[in-house]
Amino acid sequence: MTAQTLALIIGCSFVTYAMRGPAMLIFSRLQVPLFVRQALPFVPICVLVAITAPALLAPERSLDLNPLNNAWMLAGLGAAVVAAWRKDLVSPVLAGLAVFWLHHAIVTMS
Amino acid sequence: MTSPVAQHGLASQAKSPNHRRAFALGLRDAAPLFLSGAPFGLLFGILAYDVGLGLWGGQAFSSLIFAGSAQFAAADLFGKGAGLLVIFGVTALLNARHLLYALDLATRCAHWPSWGRLIVGYFLTDESYAVTARRLDARPHDPLPLAYFAGASLGMYFAWNLSTAVGLVLGASGPDLSRFGFSVAIYSAYIAIFVPLLVAAPRWVAAGVSLVLAVWLRDWPNQLGLVTAILAGIVAGYASQRLMDRRSEPPAASAGDEAL
């Protein structure tokens, strides 16, 4: 394990734990500002969208919205449709993979 | 390392018959989630090996960080060469939802001892919170023993670490998984997490702003475009929520109305 990997793990562990144990202790004694509580539900959505969007819409660094070329975007759309329909975590993953492989197979055949 | 100490503390909590029963109950209630979480632990193991964290690094990620989606994001960004500060920032933002869980549990489980909060807090995840909150909703007047949460959390911890280990072994010994669109599975998992959260217009606004900016600013150095997109999305979502709240408020009565 390199020093950088070790620093990464220790830093992420610290940041994660700070949001859990100490928070549970502090919140039993402290009032959380209303605006913080109102802003928190937006955080996971924004983080995950910001990580996912460039990977699916610009897989080769340049924006590619052509469904014939961009299997990543199609896979993401498939996963999103299934995620809206079924609330479990596994079905959208399977749908995304299925669309990606199907696109790959069609492109390979043609 | 916190976990062995934490496990010892939690185990001693579960020694009395009542606590032992609560521990077993928490374990049982959370069991279905162990199975649904296992594929993601497996995927994480494969990703961790793929981005160069190695066997021990990948396993240490799951055993020390133990944070599902934040682990994926951190490993993914590490693989893309992002700076440590950016990775820590994204990890903090992604885990910020735990503040909400901590707030809820701190309020509803005020009888839990301080040392217990500090230890079980280490194992607080979406799954263990969901199971515990459901139990609290079902029996709002029964003080829930700390051991219940410990049972649900420790079961999840071991299931996640076991599935990570299997994923790491697969990643190390299997074929080149990138050929099979393995990364698509990771991004599909992110989609599976955030799409069900898009339940109101302000959340769509937040997602839309983050999406556009993340794509537009993708070439900024050190993933700063990513951080900007996240922060702008949160501000946009919060602002639109405030706007909607203001519009839905009944108009304040004027002095003339009061006189009537």
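The values are calculated or read from the model by the stated rules, or taken from the named source; none is laboratory data. Bear in mind that the values here come from a model prediction, so they are computed numbers and not experimental data. FYI the Cβ positions are ideal-geometry reconstructions off the backbone, even for glycines, and counts take in every protein chain you see. Surface areas here come from the heavy atoms of the whole protein model, side chains and all, with no ligands, DNA or RNA. Shrake-Rupley method; radii C 1.70, N 1.55, O 1.52, S 1.80 Å.
Structure above, values below:
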read-out	value
Shape parameters for the stretch B:66-224, alpha-carbon atoms, Rg then Dmax in Å	18.6, 54
Rounded, prolate or oblate (a/c below 1.5 giving rounded, otherwise prolate when a/b exceeds b/c) for the stretch B:202-241 by Cα gyration tensor	prolate
Only Lys, Arg (+1) and Asp, Glu (-1) charged, at Cβ; the stretch B:87-214 dipole about Cα centre in debye	140
Cβ-derived FRET efficiency at R0 45 Å, A:Met1 paired with B:Ala201, nearest 0.05	0.45
Whole-number Å³ per residue for the convex hull built on Cα positions in chain A	190
Protection-proxy order for peptides B:119-126, B:49-56, A:11-18, each taking the mean of Cβ atoms within 10 Å per residue, highest first	B:119-126, A:11-18, B:49-56
Whole-Å distance, taken between Cα centres, linking the stretch B:94-136 and the stretch A:1-79	20
Peptide A:91-98, shielding by other chains (average Cβ, 10 Å cutoff)	6
For B:157-164, mean number of other protein chain Cβ atoms within 10 Å	0
Computed E for B:Arg28/B:His141 - FRET, C-beta separation, R0 30 angstrom, nearest 0.05	0.85
Loop sites in the stretch A:1-75: trypsin sites (Lys or Arg not before Pro), DSSP, at most 15 other Cβ within 10 Å	A:Arg29, A:Arg61
Carbon/sulfur fraction of accessible area - the stretch A:41-109, other protein chains in place, 1.4 Å, %	74
Spin-label model distance (nm) - B:Arg108 vs B:Arg246, 7 Å beyond Cα toward Cβ	3.3
Chain B, accessible area per residue, ligands and nucleic acids excluded (1.4 Å, Å²)	46
Given charges at beta-carbon only (K, R positive; D, E negative), |dipole| of the protein assembly as shown in Debye	760
Furthest towards positive pole of dipole, A:Gly78, B:Leu197, B:Gly83, structure part the protein assembly as shown, Cβ charges	B:Leu197
Prolate/oblate/rounded call for the protein assembly as shown, Cα gyration tensor, a/c under 1.5 rounded	oblate
Two-site FRET efficiency, A:Ala105 against B:Val235, from Cβ-Cβ distance with R₀ of 30 Å, rounded to 0.05	0.10
Accessible area buried at the A-B interface, both sides summed, 1.4 Å probe (Å², nearest 100)	6600
The stretch A:41-109, accessible area per residue, ligands and nucleic acids excluded (1.4 Å, Å²)	50
Average other protein chain Cβ within 10 Å of Cβ, residues A:80-87	4
The protein assembly as shown: calculated mean residue ellipticity at 222 nm from DSSP helix runs of at least 4, using -39500 (n - 2.57)	-24000 deg cm²/dmol
Rounded to the nearest 20 debye, dipole of chain A from Cβ charges on Lys, Arg, Asp, Glu	460
Highest average packing first - B:57-70, B:103-116, Cβ atoms within 10 Å	B:57-70, B:103-116
